[in-house]
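Student: Mind looking over this structure? Questions follow.
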Amino acid sequence: MTDELDGVRAHYDAAGLTERLKTALIGLGPEDRRLTPQQLAALDQFHTRGLAATAELAKLAGITADMLVLDVGSGIGGPARFLNATHGCRVAGVDLSEPFVDAARYLTARTGQSDAVSFQTASALDLPFEEGRFGIVLLQHVAMNIADRARLYSEIRRVLKSGGRFATFDAVLNGGDPHYPVPWARNPATSFLLTAAATRQAIEAAGFHALAFENDTEAAKTWFAQLRASGPPPSPGLDVVMGRDFSELSTNLGRNLMEGRLGILTAVFETAPINT
Ligand SMILES: C[S@@+](CC[C@H](N)C(=O)[O-])C[C@H]1O[C@@H](n2cnc3c(N)ncnc32)[C@H](O)[C@@H]1O
């Protein structure tokens, strides 16, 4: 495993996470009471604009019940559970972080979705699936942790069926060096941002053409401004997952957007024949 992946794994090495979640969720009722994806949304949607962003991306990608979906960098599984609950599709998730995968399985058992939503520990650069397995691949706030974009996007292309779709929602470089720490990196060593144009170029070079390519920055800025005005988000939130300083990480992301250093990209691509 490379130094780069080790650094990213260390950033998301949430030791004891499942136990912390058990404690944090006591207020929502006993272990055998079924939870809904909405109840967990403040802590299990680990990206800008939370549940709303996942819902919009799924709509833009055209997810339907008959599709098999892969969520790459699935975190603690909120997006995967939401897609299954809302669209009825089966979802597989992979993530580099073992504690996250363990927590994702625990939360999925608590929402009663383990038959349709599964998780495994794996790298996005070496996906443990055969060619052409999935109808949709989702990648939300993960690419900025990955330096080898050519490999990332060609792995995603490999596991998609012909005519399959790739939906991505990520932070991109805009007009200057970001302030750190941010939610995906405490310093620049594990942050590999590209501009929106360079991201599109890398994705298309892997055998895709764009169906939608949208600048989501203004909506993200509005969301951060509302967050600042409304005070700390409801507990339990992402601080349970990432630690007490999560609000500092999140505030810096908002500041980077407000100052025009970073942007947010939403895009959906379809597979194109390879070698054209
Ligand atoms: C900011 S979180 C987003 C999680 C999830 N996509 C969501 O939106 O809730 C980034 C996730 O990407 C995962 N990740 C980063 N690099 C990865 C890689 N090379 N392979 C698999 N997962 C990776 C991290 O472990 C982390 O769970």
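No lab work stands behind these numbers, since they all come straight from the coordinates. Keep in mind that this is a model prediction, so the values were computed, not measured. Cβ placement follows ideal geometry from the backbone for every residue including glycine, while neighbour counts extend to all protein chains displayed.
Student: Quick one: dipole size for the range 162-247, taken about the Cα centre, charges +1 on Lys/Arg Cβ and -1 on Asp/Glu Cβ, in debye to the nearest 20.
Tutor: My answer is approximately 120 debye.
Student: Taking the Cα-to-Cβ direction at Ser162 and at Ala15 and moving 7 Å from each Cα, how far apart do the two end points lie in nm?
Tutor: Modelled inter-label distance: 5.0 nm.
Student: Assuming R0 = 25 Å, can you tell me the calculated FRET efficiency for the pair Lys22 and Glu130, based on Cβ-Cβ distance, to the nearest 0.05?
Tutor: 0.10
Student: Over the chain, calculate the relative contact order: mean separation of alpha carbon pairs under 8 Å at least 6 apart, over the residue count, as a percent.
Tutor: 22 percent
Student: Something else now. Relative to the Cα centre, what is the charge dipole magnitude of the range 77-159, using +1 at the beta carbon of each Lys and Arg, -1 at the beta carbon of each Asp and Glu, and rounding to the nearest 20 debye?
Tutor: Result for the range 77-159 is approximately 240 debye, rounded to the nearest 20.
Student: Normalised by the residues of the range 4-131, what does the relative contact order come to in percent, with Cα pairs under 8 Å and at least six apart?
Tutor: Computed over the range 4-131, the figure is 26 percent.
Student: On to the next question. With each run of n ≥ 4 DSSP H residues scored as -39500 (n - 2.57), what mean residue ellipticity at 222 nm is computed for the chain after dividing by its residue count and rounding to the nearest 500 deg cm²/dmol? Mind showing how you got there, number by number?
Tutor: Details: 11 runs with 112 residues, N = 276.
After summing the helix terms and dividing by residue count, I get -12000 deg cm²/dmol.
Student: Rounded to the nearest 20 Debye, what is the dipole magnitude of the chain about its Cα centre when Lys and Arg each give +1 and Asp and Glu each give -1 at the C-beta?
Tutor: 520 debye
Student: I would also like to ask the following. Say each of His179 and Lys59 gets a label point 7 Å from the Cα, pointing the same way as Cα to Cβ; how far apart are those two points in nm?
Tutor: 3.3 nm
Student: Within 10 Å, count the other beta carbons around each residue, average over each peptide in 28-39, 101-112, and list them highest first.
Tutor: Result, highest mean Cβ count within 10 Å first: 101-112, 28-39.
Student: Moving to a separate point now. State the extension gain, in nm to one decimal, for the chain segment bounded by Leu68 and Met258, taking 0.36 nm per residue of separation less the distance between their alpha-carbons.
Tutor: The span from Leu68 to Met258 would gain 64.7 nm if fully extended.
Student: For the range 1-108, just say rounded, prolate or oblate: build the C-alpha gyration tensor, square-root its eigenvalues into a ≥ b ≥ c, call rounded for a/c under 1.5, and beyond that prolate if a/b exceeds b/c, oblate if not. Don't skip to the answer; put the middle values down first.
Tutor: Values: a/c = 1.89, a/b = 1.11, b/c = 1.71.
It is oblate, given that a/c is not under 1.5 and a/b is not larger than b/c.
Student: For the chain, take the convex hull of the Cα atoms, compute a quarter of its surface area, and give me that in nm², please.
Tutor: Approximately 13.3 nm², given one-decimal rounding.
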